[in-house]
1. Could you tell me whether A:Glu358 is at pLDDT below 95, among the charged types (D, E, K, R) and assigned by TED's automatic domain parsing to the domain that holds A:Arg35?
2. Quick one: which helices (runs of 4 or more DSSP H) lie wholly within the range A:251-346 and hold at least 3 residues that are out of contact with any Leu (no Cβ under 6 Å at 6 or more places or on another chain) and more than 14 Å from chain B (Cβ to nearest Cβ)?
3. Being outside any loop (DSSP other than H, G, I, E, B), free of Cβ contacts under 8 Å to residues at least 60 places away in the same chain and not β-branched (Val, Ile, Thr) is true for just one of B:Gly231, B:Gly239. Which residue is that?
4. Name the helices (runs of 4 or more DSSP H) wholly within the range B:1-91 that hold at least 2 residues that are crowded, with 21+ Cβ neighbours inside 10 Å and away from chain A (no Cβ under 13 Å)?
5. Working only within the range B:92-101, note down all residues that are of a type outside the set (Ser, Thr, Tyr) and assigned to a strand (DSSP E or B).
6. Looking at the range A:252-272, which of its residues are out of contact with any helix residue (DSSP H, G or I) (no Cβ under 6 Å at 6 or more places or on another chain) and either under 23 Å from B:Arg55 (Cβ atoms) or polar (S, T, N, Q) (or both)?
7. Give the residues of the range B:111-122 that are touching a residue at least 24 places away in the same chain (Cβ under 8 Å) and open to solvent by 10 Å² or more (accessible area, probe 1.4 Å), sorted by residue number.
8. Here is a list: A:Asp164, A:Asp134. Which entry is modelled with pLDDT of 95 or more, more than 26 Å from B:Gly30 (Cα to Cα) and not aliphatic (A, V, I, L, M)?
Protein chains: 2
Amino acid sequence: MAQLLQGLRVVEGTSFVAAPLAGMTLAQLGAEVIRFDRLQGGLDHYRWPVTSDNRSMFWAGLNKGKKSIAVDMTTDRGKEIVTNLICAPGPGNGIFLTNLRVRGWMDYDSLRQHRDDLIMISILGTRGGAPQVDYTVNPAVGFPHATGPEGSSDPIAHVLPAWDCITGQKAALGLLAAERHRRLTGEGQLVELALKDVALAMLGNLGILGEVMVNDVDRPKYGNALYGAYGQDFITADGRRIMLVALTDRQWRGLGKVTGLADAFTALGERLGADLNKEGERFIHRHAITEILKPWFADRRVEDFADLFNQNSVTWSEFRSFKQAVETDPDLSTAHPMFEMIDQPGIGEYLVPGSPFEFSAAEREPPVRASHLGEHTEDILSGILGLDDHQVSRLFDDGVVGGPRKG
Amino acid sequence: MAQLLQGLRVVEGTSFVAAPLAGMTLAQLGAEVIRFDRLQGGLDHYRWPVTSDNRSMFWAGLNKGKKSIAVDMTTDRGKEIVTNLICAPGPGNGIFLTNLRVRGWMDYDSLRQHRDDLIMISILGTRGGAPQVDYTVNPAVGFPHATGPEGSSDPIAHVLPAWDCITGQKAALGLLAAERHRRLTGEGQLVELALKDVALAMLGNLGILGEVMVNDVDRPKYGNALYGAYGQDFITADGRRIMLVALTDRQWRGLGKVTGLADAFTALGERLGADLNKEGERFIHRHAITEILKPWFADRRVEDFADLFNQNSVTWSEFRSFKQAVETDPDLSTAHPMFEMIDQPGIGEYLVPGSPFEFSAAEREPPVRASHLGEHTEDILSGILGLDDHQVSRLFDDGVVGGPRKG
């Protein structure tokens, strides 16, 4: 079985999260993805987390399975190499993914001179091109103000670069949509996507703009409670913390059943004059519900209820640190077909994920390590750009390109 | 200019965030997306935020631009209608997006009896089919433990359902990848994607698995600091809070320049014996850097430095609540081509986003409101399934389908 995106070649000039994640995602679906970088590596070459030798595990994670070419783009010959690579002939070529803001030779209008049906996916901070990153977009759209313990006031920023991750997946989607269009019509195009716009649109998609503009409500902090239905964290007898969710009717009834507290919930509803079978009323009265459940969990260790909950499809999980997750979750091991132990040169052997997709028409491909900077420079110059040995040697000798050389 | 995904029809049986978001995203790219629901509406029909009349703005946001058919799927005729809709003949048909767990008639093997090249995208909680939602996945993978004020210990859950949003975009990507494969080979398939696997893979992609397994580090809370370089929040003279990022060399030098503190940073580096031009050293010594910057911001109002920062491409933003963002950001208005004021019947008029993409080969389409439940039942039965007036009438009369009727 072939990989799904076989025959598609994406040339990538990127850094940090969103754009490299888009390329890596496509590489893990079978596209050939070539990342070009400056001779000294991109802006994200040393992005944390790093090893004690300053090798970036972040970089290794977001550039898995890509080929790497290192080019001095301050030189005319370097610019020509990158241009020719982006605009190489062939039906699967001519796709450029970038979040760099290089005006002139690397912008859409210039590149299109070399290939009229070029597809260029450009990820921006704001649509006007202002520098914005996940860490600045998130405070600006309001989530930190709604995050943290109920009643507290200091805004709390998220740690997962969520907007980058969403934007990266979306950029890969936009690339495939544009490639579909080109296949059907022959027409290439520039696709722009701004990180901030992705966040602003999500405010609308999730109903938050309506909450402000229709209800005139500025959502406060609700701690770890699930908004709008019942969901809460609890401390167990063995001092662990679990998250429990009763979002749907079925989950709510199931919770009453497995805990034996259904009658207590009914009595609570009667006392409050509330219909706790409605998700909104469960949210409004969440503190009262929590008071009933709190002693139940305080009396039990996780192992006392885990099997019961799982067998009855209760939706719950345990709070864990990153390390605890690695140490205790069987899914974070090679028992999960998504993961392999991989030796990433310079870093060591550790657990590396492939694609989370399971396609019935394509085999699950094992993850492929990240390349060294310039690892494929020579192959790309000769194999894709068709340069002869002499030309390739001169480019290396003149310092226009970098990377290891063969034999 | 045509919309990008014109000719593609996606039938959706979904609820909540990830799967409806995938469908809505494709609808905003020009696909025809038909969501089917039970007669009383899906599990997310009353999901918060809701209006005072219990109309869901969440539902309206995640189902924009889709057609709606309401069917009693407990009946054989209802099952037949949904099956025929999913498996309708035609090259753009036969694509089913779902997060429902209906065994039997609605599973891949059963549906494929009716259309061999069916593409079915199935979003799961875990790959084994256990019920997991964003609110439970996030604590289990470790982010809440790393979120919140430095030195504090209580885990803090995120408010943005980030894993849902990432998974939704990814599901749309998987759908297009499978459709590309079908176009090239004629082969359909089942595509499975588990919410938890998306989160586990991201732990690897972002270097966190390496941090644990190679460095043996369990990342603590770093408050609102940017991890691994310099970025911090500050309170200004007018009592506002801003986020400042100096991730790259250029941003760091720019910060020294616009604040006039470059010499103070140099002196600090010398005093500490640190090279603050390295991003990691800026992170290690972030508190000392913050001590220098804190009085600078405490002495200035936002308006005193905003223009200066913007003109010099300093990467910064202001912390705002959702409501403050709506009230003060010009991008959250119809001045942004992504937004329109739309009247969503039953809810009212408010700001609604279209797609964040800007495609040069397709015009920006204005956002389309969400449909009423069953709004297109009649059109779909006659127009797509080819039933005559008499057959359609009987289905309504027998309560097999629901929705408004014409004439």
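The values are calculated or read from the model by the stated rules, or taken from the named source; none is laboratory data. These figures come from a predicted structure and were not determined experimentally. Don't worry about glycine lacking a Cβ; one is built from the backbone with ideal geometry, like all the others, and counts go over all protein chains shown. Calculation scope for accessible area: heavy atoms of the full protein, side chains included, ligands and nucleic acids excluded. Shrake-Rupley method; radii C 1.70, N 1.55, O 1.52, S 1.80 Å.
1. Numbers: at pLDDT below 95: no; among the charged types (D, E, K, R): yes; assigned by TED's automatic domain parsing to the domain that holds A:Arg35: yes.
In short, no.
2. Details: elements: A:262-272, A:279-284, A:286-298, A:302-311, A:322-328.
Answer list for the range A:251-346: A:262-272, A:286-298, A:302-311.
3. On the way: B:Gly239 fails: outside any loop (DSSP other than H, G, I, E, B).
Matching residue, one of B:Gly231, B:Gly239: B:Gly231.
4. On the way: elements: B:18-27, B:57-62, B:76-86.
Fully inside the range B:1-91 and qualifying: B:76-86.
5. Filtering the range B:92-101 down to residues of a type outside the set (Ser, Thr, Tyr) leaves B:92-97, B:99-101.
Hits for the range B:92-101 are B:Ile95, B:Phe96, B:Leu97.
6. Scanning the range A:252-272 gives A:Trp252, A:Thr266.
7. Kept after step one, since they are touching a residue at least 24 places away in the same chain (Cβ under 8 Å), are these residues of the range B:111-122: B:111-112, B:114-122.
Result: B:Arg112, B:His114, B:Arg115, B:Asp116, B:Asp117, B:Met120.
8. Just one listed residue meets the conditions, A:Asp134.
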